[in-house]
Amino acid sequence: MASSTQSFVDWFVNNGGEFSSELVKVVDDVEGMGRGLVAVKDIEPSDTLFTIPRSLILSTKTSAFKDKLGEQVYAQLHNGDIASWTPLIMAMCWEYNQGSASKWHPYFSVLPNDFSSLMFWPQQDLELLKGTTVVDRIGTQDIEAEFERVKGVIEKHQDVFGDSSKYTLDLFKRMGSLILSRSFTVVDWKPEEEEEEEASDDEDEEIDLRTSVDVVSMLPMADILNARSGSANAHTEYEEHKLRMIALKKIKAGEQVFNTYDDPPNSDLLRRYGHVDYVPLSEDGEYMGNQNDVAEIPADLILETALPDASEKVKERRVEFLLDECGEDVFELSHDDAVPELLKICVVLFTMPEADFKKHEKSRKVPKASAFSPENAELLSKVINERIAQYGSVLEDDISKLDQRDSLTRNHFNALVLTVGERRILKKALDQLQHTDHASKKQRVE
Ligand SMILES: C[S@@+](CC[C@H](N)C(=O)[O-])C[C@H]1O[C@@H](n2cnc3c(N)ncnc32)[C@H](O)[C@@H]1O
């Protein structure tokens, strides 16, 4: 174990953390996933692996940063968006810059400096993601703009921040990326009766609570756990004074302890965490990837194919109706639902004659997915083929490249896993549409 890892475990235990070293150990590089937790003997369900005292949580509530800065200046760090992470990023930058004077110094020493998440990909690697929609969600410009905004506050309040040159864009991005890949949502402890009262309160308030920056927290030790879809065998329980990591099932000696990151598709895994899931999807192990992948089809692409010659005004009305009545203008296709009902409804809506559409516009009645015809299936197949073409390479070629994993860079491999996964779903949708088409043609003949 690296000495920084040992110092971190010692710090954890000396500050009220309980670590069941008879059950688990921290390993510096486990299965190519970086640090992780591994069972040293057979673990039973409900066994406690470690507990974290609430005082060790790093958040805007536990750092002295807010008090040092004062309410008024602290408020300037918010950009008006309750879910903004800027105050937490700044609290973490401030703690980090305190060096060994910070309570969390040994924790910072084991946090990564380098990231393989999309924000850190060079442009030429991002081009490997052609066809995906995740490139529009990386947020590099947003974080750079946010740093420019808070720089003024830092320079104006050097009494709190100290040397402003220590607050760099790199540090700001590092802390933002750590939150993105390791934070937890931790709400204050409430007795059961209060919890029940709150549950019956306004739903909006609940949402605020979950997205508010005050509950986004860094949990030393809990964030050592890696994740892989279908492998979660431990989870965190929240108690009054501590958080407890418990085993959910039997974990054999030598096996890794896995948390869940809520099963995101590979696009989000790569954007937030910098890795992809590449596990068998079929029993024979022929298909590998992420069961939770999604491929997106924007309504605009359907509209262009369905009504290529219609005026902008006509197109706008159809999209507006779709958004108002169905709430979506991008459709997510998944392994379990390759041709979702809403996608069918969209095609029906976009292809119906103007006179029929006017009736729907008037009644605000959404057409039924059962109205999806073989002609609709043909049109949707055309759209999906166009969508596949946007990836700019041949799927079968890319699948065979995956077999030569050792000759690929990590980014190249991950990009292939992602783009192959998305196209496989699109192909699945094509297959299903072909079956719909054949089935209905057969029915018509009979
Ligand atoms: C919450 S941290 C887990 C601890 C981390 N391995 C470390 O060294 O500190 C999440 C990071 O671990 C890595 N990771 C987690 N699960 C992984 C997996 N299945 N495959 C590859 N890397 C993984 C990724 O770098 C991710 O950003």
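The values are calculated or read from the model by the stated rules, or taken from the named source; none is laboratory data. Here the structure is a predicted model, which is why all the values come from computation and not from measurement. Here the Cβ positions follow ideal geometry from the backbone for every residue, glycine too, while neighbour counts run over all protein chains shown. What goes into the accessible areas is simple: the full protein's heavy atoms, side chains included, and nothing from ligands, DNA or RNA. Shrake-Rupley method; radii C 1.70, N 1.55, O 1.52, S 1.80 Å.
Which listed residue (Leu281, Cys346, Ile388) has the Cα farthest towards the positive end of the charge dipole for the chain, taking +1 on Lys and Arg C-beta and -1 on Asp and Glu C-beta about the Cα centre?
It is Ile388.
Determine the per residue accessible area of the chain with all protein chains present and a 1.4 angstrom probe, expressed in square angstrom.
Per residue, the chain has 50 Å² of solvent-accessible surface.
Please state the shape class of the range 1-139: rounded when a/c is under 1.5, otherwise prolate if a/b exceeds b/c and oblate if not, all from the C-alpha gyration tensor. Write out the running numbers ahead of the final one.
On the way: a/c = 2.07, a/b = 1.15, b/c = 1.80.
The shape class here is oblate.
What angle, in degrees between 0 and 90 and rounded to the nearest 10, separates the Cα long axis of helix 140-156 from the longest principal axis of the Cα atoms of the chain?
Helix 140-156 sits at roughly 30 degrees to that axis.
Can you give the FRET efficiency to the nearest 0.05 for Leu169 and Ser84, using r as the Cβ-Cβ distance and R₀ = 22 Å? Please report the intermediate quantities before stating the final value.
On the way: r = 17 Å, r/R0 = 0.77.
That pair, Leu169 with Ser84, gives E of 0.80.
Rounded to the nearest 10 degrees, what's the angle between the helix 354-363 long axis and the longest principal axis of the chain, both from Cα atoms, 0 to 90?
Tilt of helix 354-363: around 50 degrees.
Can you show me the helix-derived [θ] at 222 nm for the chain, built from DSSP H runs with n ≥ 4 at -39,500 (n - 2.57) apiece and divided by the number of residues, rounded to the nearest 500. Don't skip to the end; give the middle numbers.
Values: 18 runs with 202 residues, N = 446.
-14000 deg cm²/dmol, from helical runs alone.
I'd like the orientation of helix 3-14 relative to the chain: the angle between its Cα long axis and the longest Cα principal axis, in ° from 0 to 90, rounded to 10.
Roughly 70 degrees, rounded to the nearest 10.
How many nm is it between the label spots at Ala2 and Asp263, if each spot is 7 Å from the Cα in line with the beta carbon?
Placing both labels 7 Å along Cα→Cβ, they lie 3.3 nm apart.
Work out how much length Leu307 to Glu341 would gain on full extension: take 0.36 nm times their residue separation and subtract the Cα-Cα distance, in nm to one decimal. Before the final figure, lay out each step's value.
Working: separation 34, 0.36 × 34 = 12.24 nm, distance 2.06 nm.
10.2 nm is the gain from fully extending Leu307 to Glu341.
Once a ≥ b ≥ c are taken as the square roots of the eigenvalues of the Cα gyration tensor of the range 7-49, is the result rounded (a/c under 1.5), prolate (a/b larger than b/c) or oblate (a/b not larger than b/c)?
Values: a/c = 2.51, a/b = 1.05, b/c = 2.38.
Cα axes put the range 7-49 in the oblate bin.
Could you sort out which of Lys315/Lys427; Lys103/Lys173; Lys25/Lys68 sit more than 32 Å apart by Cα distance in this structure? Working shown, then result.
Values: Lys315/Lys427 28 Å; Lys103/Lys173 22 Å; Lys25/Lys68 37 Å.
In this structure, Lys25/Lys68 exceed 32 Å between Cα atoms.
Pull out the extension gain between Lys382 and Ala355, defined as 0.36 nm times the separation in residues minus the alpha carbon to alpha carbon distance; nm, one decimal.
Details: separation 27, 0.36 × 27 = 9.72 nm, distance 2.48 nm.
Additional length available on full extension: 7.2 nm.
How large, in percent, is the carbon and sulfur part of the accessible surface of the chain at a probe radius of 1.4 Å?
On the way: 10570 of 22520 Å².
Ligands and nucleic acids excluded, carbon and sulfur give 47 percent.
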